[in-house]
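Just so you know, all these numbers are worked out from the coordinates, no wet-lab data involved. Just so we're clear, the structure is a prediction, and the values are computed from it rather than from any experiment. Glycine also receives a Cβ, built like all others from the backbone with ideal geometry; neighbour counts cover every protein chain displayed.
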Amino acid sequence: MGIIFPLPKQMIFKNFFKIIKQIRWSMVISHHPPSQYCRTYTLFGLRTCARCLGIPIGFIIMYFFTIKIPLSVLLFLPIPTFLNFLLQELKIIKGNNRMKTFLTTFLGGYVWVMIELFITGTILQASLLLCYLVLIQFTTAYILIKKNKLEPLIIEYERGVLK
C-alpha cells in the first residue's frame, strides 16, 4: 500500500527543490544569518559559530586530559557561556568571538561529563545534569523574553534562513 499524496508528485518535488534552492546553507554550520556574521569565524571557507566552536574544543580537552571535576565546579561550568550570551544580547557587553569560544569550552567540558555519565550508565546523575542545563537555558530565554529581546532575535534568524 502506497502513500496517498493530495498533490501530484511532480508538484511536490518541484516545490521541494524550489525551497531547497532558497535555503541559505551557510546557516547549517554557523546558524547565524548574514546580519550576524560578526559572531562567526570563517574556517576552510565555511562560517562557523564562535560560541559553538568551544564545545568540541572542550570535548577534546576532556578527552586528552581526562580531568576529574568536583560537582561544585561542574555545576559552574555552563554558566559563563549563558551569562556571556545574555549580557551580549542585552547590550551590556560587546561581543568578542575569542571570549565566546573560550567560555564555551567550559560548556563543552560539562557536556562531555554528562555524555560520559550517560554512556557509563549513571543515568540519574546525567539526567540531573541535563535538567540543570535546560533550566539555565530556559532562565536565559525567560530573561530575554521579559526584556523583549528574544522575539527580535528569533525573527532575525528566521529571515536569515532563506536567501
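Exactly one residue out of L46, L75, L87 is more than 23 Å from H31 (Cα to Cα) and hydrophobic (A, V, I, L, M, F, W, C): that is L75. Could you list all residues from region 116-132 that are assigned to a loop (DSSP other than H, G, I, E, B) and over 18 Å from T66 (Cβ atoms)? Once the filter is applied, which keeps residues that are assigned to a loop (DSSP other than H, G, I, E, B) and over 18 Å from T66 (Cβ atoms), region 116-132 yields only G121.
Do the conditions hold for K163, that is, is it surrounded by fewer than 15 Cβ atoms within 10 Å (Cβ to Cβ), out of contact with any Pro (no Cβ under 8 Å at 6 or more places or on another chain) and touching a residue at least 12 places away in the same chain (Cβ under 8 Å)? Reasoning before the result, please.
Details: surrounded by fewer than 15 Cβ atoms within 10 Å (Cβ to Cβ): yes; out of contact with any Pro (no Cβ under 8 Å at 6 or more places or on another chain): yes; touching a residue at least 12 places away in the same chain (Cβ under 8 Å): yes.
Taking the combined requirement at face value, the residue satisfies it.
Of the residues in region 140-155, at least one is within 28 Å of S26 (Cβ to Cβ), surrounded by 13 or more Cβ atoms within 10 Å (Cβ to Cβ) and among the polar types (S, T, N, Q).
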